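Trainee: The following block contains the structure, expressed as structure tokens.
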Amino acid sequence: MNAAVIHCLKTTDGQLIVGLYNNAADFPEKTPFKGSVTKISGSLEQITFENIPNGTYALFVWHDINNNGMMDKDDAGIPIDGVGFYNYVMEKMDPPTFQQASFLFAGTNEAITINVQYGMPPRQKQKQ
């Protein structure tokens, strides 16, 4: 992976925190293998990680809207800040497992795309 392309940022307030994890024990709350903290300049950002060995990785993106370094949540415990994971559409408020959010990196220069989601995910319509 050469770059992570982050989509759907709803404001340029705050900071964008991206963690690249190489093991399930740390994902997503402990210190990542590689990380990036950057000011947001638009609804789309690109983060580049250098010197990544081949292996299995997971990406976690957090839009810290008020720049306080804490994951802000509402009274029900639902994140107010934007969050996103590789290969995972949040259908409930539980974060994905490392396996659900992981990808195999084999040395190619490709971009990984992550869509940031804010608040409660939309409910799925029930089939009738």
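We did not get these values from a lab; they are worked out from the coordinates using the rules stated. Not measured: the values here are computed from a predicted model. We place every Cβ from the backbone using ideal geometry, glycine too, and count neighbours over all the protein chains shown.
Trainee: Report the Cα centroid-to-centroid distance between segment 65-116 and segment 41-58 in angstrom, as an integer.
Mentor: 13
Trainee: Using 0.36 nm per residue of separation minus the Cα-Cα distance, give me the extension gain between T11 and T108 in nm, one decimal.
Mentor: 31.8 nm
Trainee: Next up: Counting other beta carbons within 10 Å of each residue's own, what order do S36, S43 fall into, fewest first?
Mentor: Taking fewest neighbouring Cβ atoms as first place, the list is S43, S36.
Trainee: Normalising by the residue count of the chain, find the relative contact order in percent from Cα pairs under 8 Å and 6+ residues apart.
Mentor: Normalised by residue count, the contact order of the chain is 33 percent.
Trainee: Which order results if Y21, Y118 are arranged by neighbouring Cβ count within 10 Å, fewest first?
Mentor: Result, fewest neighbours first: Y118, Y21.
Trainee: Choose one of N54, M71, L16: the residue whose Cα lies farthest towards the positive end of the charge dipole of the chain (beta-carbon charges +1 Lys, Arg; -1 Asp, Glu; about the Cα centre).
Mentor: Towards the positive end, the residue furthest out is N54.
Trainee: Quick check: residue separation of N51 and V37 times 0.36 nm, minus the Cα distance between them. What number comes out in nm?
Mentor: 3.3 nm
Trainee: For segment 3-115: lysine pairs with Cα atoms under 24 Å, gap of 8 or more or different chains, count?
Mentor: Lysine pairs meeting both conditions in segment 3-115 amount to 8.
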